[in-house]
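K.L.:
First the structure, which I've put down as structure tokens, then a few questions once you've had a look.
Throughout, read-outs are computed from the coordinates displayed, never taken from laboratory work. If you're wondering where the values come from, they're calculated on a predicted model, not measured in any experiment. Counting neighbours? That spans all protein chains shown, and the Cβs are built from the backbone with ideal geometry, glycine included.
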Amino acid sequence: MAEGARAAGSRCVYISTDYVFDGEQPHGYAEDDPVNPVNLYGVSKAAGELAVRNSCPDSLIVRGSGLFGHAGSSGKGGNLVETMLAKAAAGEPIQVVDDQFAAPTCTRDMADRILLWLEHRVPPGVYHGANRGGTSWYQFCRRIFEIAGVQPDLTPKPAGVQEVRRPLSSILLDTRSERLGLPPNRTWEDALSWYIENRPAQRQEQDPTRGRIPSLGARRPAPPP
Ligand SMILES: NC(=O)c1ccc[n+]([C@@H]2O[C@H](COP(=O)([O-])OP(=O)(O)OC[C@H]3O[C@@H](n4cnc5c(N)ncnc54)[C@H](OP(=O)(O)O)[C@@H]3O)[C@@H](O)[C@H]2O)c1
């Protein structure tokens, strides 16, 4: 795709991940921090970043983290917010790791960032499209239930020894937008509230005729002429 984009004189946007980092920096990672993946997925994504940059120099490498959105992940099946709300509705006890940290990201916000950067013709390179801030997965789930107004049996647990090694703390910092005169992304808490208020089941209950997700762009500054 990157070769095709270069041949067509187009920009290439490659979606990448916080898993290119080793997770040893508790305060987060800037775009140019060195990658050092700790599992095969991270290695394959870091290799993809390099291949895209080599094949199409006019590329944006956009990293996200812990994605949740209306379409869900076909590979993982749905998203963590929906999984948690379904478990709560079924009355299941829920245990979530409290010692791994990331910047959970709403896919709609990440798409919005990509459009913003493309419309403003930002220079090629690495961009962090995650929502602002960072949290542990346990704290993220606590917030899901607070916003949704449900009180399941939720307890924290340590990650312990996992079958697949994961970065401990892979919060993505967007240090580029401000330098380019563009607004920062909203926080993960604001994004989560928006998602829960607009989740597919919620919209159907409120108004079964509503099929569309609220439109993009209301928060984006106008592109330069
Ligand atoms: N999920 C996360 O939390 C997360 C976090 C950070 C970054 N990301 C990145 O975000 C992107 C999407 O992830 P996701 O979790 O949303 O995955 P997903 O829903 O499983 O989406 C993957 C997409 O890639 C397509 N695909 C997979 N293998 C393919 C192949 N060999 N050839 C052509 N198309 C192929 C799939 O097509 P089909 O639907 O037809 O199979 C699907 O549309 C990935 O680049 C991932 O690295 C994800």
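K.L.:
Taking the Cα centre as origin and putting +1 on Lys and Arg beta-carbons and -1 on Asp and Glu beta-carbons, what dipole magnitude results for segment 138-192, to the nearest 20 debye?
P.N.:
Dipole of segment 138-192, to the nearest 20 debye: 220 debye.
K.L.:
Right, another one. About the Cα centre of segment 2-206, what is the dipole size in debye to 20, counting +1 per Lys and Arg Cβ and -1 per Asp and Glu Cβ, all else neutral?
P.N.:
Dipole magnitude for segment 2-206 comes out near 360 debye.
K.L.:
Near Val13, within a Cβ-to-Cβ distance under 15 Å, what is the net charge of the other residues, with Lys and Arg +1 and Asp and Glu -1?
P.N.:
With Lys, Arg at +1 and Asp, Glu at -1, the net is +2.
K.L.:
Projected onto the charge dipole of segment 1-97 (+1 at Lys/Arg Cβ, -1 at Asp/Glu Cβ, origin at the Cα centre), which of Ala5, Val97, Ala47 gives the Cα projection farthest towards the positive end?
P.N.:
Ala5
K.L.:
If we count other beta carbons within 10 Å of each Cβ, what is the order of Asp112, Asp99, Asp32, fewest first?
P.N.:
Asp32, Asp99, Asp112
K.L.:
Under 1.5 on a/c is rounded, so check that first for segment 67-110, then, if it is not, pick prolate when a/b is larger than b/c and oblate when it is not; a ≥ b ≥ c are the square roots of the alpha carbon gyration tensor eigenvalues.
P.N.:
It comes out oblate by the Cα gyration axes.
K.L.:
So for segment 2-206, averaging the separation of alpha carbon pairs under 8 Å that are six or more residues apart and normalising by length, what relative contact order in percent results?
P.N.:
29
K.L.:
Do any trypsin sites (Lys or Arg not before Pro) in segment 119-197 lie in a DSSP loop with no more than 10 other beta carbon atoms within 10 Å, and if so, which?
P.N.:
Answer in residue order: Arg121.
K.L.:
Between segment 135-197 and segment 105-133, what's the alpha-carbon centroid distance in Å?
P.N.:
That distance is 17 Å.
K.L.:
Can you sort Lys157, Lys87, Lys76, Lys45 by how many other beta carbons sit within 10 Å, fewest first?
P.N.:
Ranking Lys157, Lys87, Lys76, Lys45 by Cβ neighbours within 10 Å, fewest first, gives Lys76, Lys157, Lys87, Lys45.
K.L.:
Can I ask one more? What's the magnitude of the charge dipole for segment 94-169 around its Cα centre, counting Lys and Arg as +1 and Asp and Glu as -1 at the beta-carbon? Answer in Debye, nearest 20.
P.N.:
Value, rounded to 20: 180 debye.
K.L.:
Only sites in a loop by DSSP and with at most 12 other Cβ atoms within 10 Å count here; which GluC sites (Glu not before Pro) in segment 109-187 make the cut?
P.N.:
Taking segment 109-187 and a limit of 12 other Cβ atoms within 10 Å, the loop GluC sites (Glu not before Pro) found are Glu163.
K.L.:
Once you measure Cβ to Cβ distances between cysteines in the chain, which Cys have no partner under 4.7 Å?
P.N.:
Singleton cysteines: Cys106, Cys141.
K.L.:
Also: For the chain, what is the mean residue ellipticity at 222 nm derived from helices alone (per DSSP H run of n ≥ 4: -39500 (n - 2.57); sum divided by total residues; nearest 500 deg cm²/dmol)?
P.N.:
-10000 deg cm²/dmol
K.L.:
List the lysines whose alpha-carbon lies under 21 Å from that of Lys45, not counting same-chain residues fewer than 8 positions away?
P.N.:
List returned: Lys76.
K.L.:
While we're here: I need Arg11, Arg113 ordered by Cβ neighbour count within 10 Å, fewest first.
P.N.:
Sorted ascending by nearby Cβ count, the order is Arg11, Arg113.
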